[in-house]
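Let me begin by presenting the structure, written as structure tokens, before commenting on it.
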Amino acid sequence: MTFGEQPAYLRVAGDLRKKIVDGSLPPHTRLPSQARIREEYGVSDTVALEARKVLMAEGLVEGRSGSGTYVRERPVPRRVARSGYRPTGGATPFRQEQADASVRGTWESSSEQAPAGAAIAERLAIQAGDRVMRTKYLFRDAGEPMMLSTSWEPLALTGRTPVMLPEEGPLGGMGVAERMRAIDVIVDNVTEEVGARPGLAEELHVLGGVPGHVVLVIQRTYYASGRPVETADVVIPADRYRAAYHLPVR
């Protein structure tokens, strides 16, 4: 087989990928062995191995100990609705993140005081080392882990107030805008930056991914008169979910 200028392992991986996508190699089918790939494509063992590594890194196949490499089930992506903050009416953090989700949604959270690292301090316009309230969330949809979120709020703003702990007190579980309004801080803007990266091992362990899987990372910050009052990183498995934005027309 003539492979032209493209590296041979990418051409082999591309042909196998096409077979997976068009159903010639359906889910749970064993991928051709390294020897079979070498014979069919006329390549070396090294090329065959690298092609298999590409497919594994893309999440299309998975290795099963003592059995071989198999085509993975391809999930149908679901939407995670993003609507920004809602200025009226209470909203739990899950309802904020998943604005039109059904009542199947549940979450777990834990909060602790911590010093702000350099990156978080820059996002909150505070000094590195200043104390923040860090809250970690795991969101589930019908029991399935679907999203992680870590939120940081400057304690110089919320410390010793009824809203210091996002999930406790009289406004526990309410949205950021509602909680801030209770201490006379009016949220008037929110920004979100969306990026993608390979998931960290600890993230994929919780979310059910495999090494190499890509996650969407939404970096969100709430502002009150230009002052950042909360920032968060939202992590979503890219193979299972899409971020769908509903933005008002101005």
### Task
Using 0.36 nm per residue of separation minus the Cα-Cα distance, give me the extension gain between GLU168 and ARG131 in nm, one decimal.
11.4 nm
### Where the chain is the region considered: accessible area per residue in Å², 1.4 Å probe
53
### Query
Taking Rh as the Kirkwood radius computed over C-alpha pairs, what is the Stokes-Einstein D of the range 8-71 at 10 °C in a medium of viscosity 1.306 mPa s, expressed in µm² per second?
138
### Query
Sequence-distant or interchain residues sharing an amide H contact under 5 Å with LEU171, placed H: which?
none
### Task
Report the extension gain between LEU200 and SER225 in nm, rounded to one decimal, defined as 0.36 nm multiplied by the number of residues separating them, less their alpha carbon distance.
5.5 nm
### Summary
The percentage of the accessible area of the range 8-71 (probe 1.4 Å, all protein chains present) made up of carbon and sulfur atoms, to the nearest whole number, is 50
#### Entry: Label point distance in nm, LYS53-LEU10, each placed 7 Å from Cα along Cα→Cβ
1.5
### Message
Test of understanding: in a Gaussian network model of the chain with alpha carbons linked when under 10 Å, which of VAL47, VAL229, VAL210 would top the mean-square fluctuation ranking?
### Response
VAL47
### Summary
Across all Cα atoms of the chain, Rg and the largest Cα-Cα distance (Dmax), in Å, are 22.8, 71
### Summary
Length gained if ASP184 through ARG30 is fully extended, taking 0.36 nm per residue and subtracting the Cα-Cα distance, is 49.4 nm
### Message
With both bridge residues required to lie in the chain, what share of the DSSP beta bridges run antiparallel, to the nearest 5%?
### Response
90
### Task
Find the relative contact order for the chain and round it to a whole percent, using C-alpha pairs within less than 8 Å whose residues are 6+ positions apart.
17
### Query
Which ³J(HN,Hα) values, rounded to whole Hz and listed in residue order, are derived for the range 229-240 from phi using the Karplus coefficients 6.51, -1.76 and 1.60 in 6.51 cos²θ - 1.76 cosθ + 1.60 with θ = phi - 60°, glycine and proline given as x?
10, 6, 9, 8, 10, 10, 10, 10, x, 6, 7, 10
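The values are calculated or read from the model by the stated rules, or taken from the named source; none is laboratory data. Everything numeric in this text was worked out from a predicted model, so none of it was measured. A quick note on method: Cβ atoms are made from the backbone with ideal geometry, for glycine too, and the neighbour counts reach across all protein chains shown. Just so you know, the surface numbers come from the protein's heavy atoms only, side chains and all, with ligands and any DNA or RNA stripped out. Shrake-Rupley method; radii C 1.70, N 1.55, O 1.52, S 1.80 Å.
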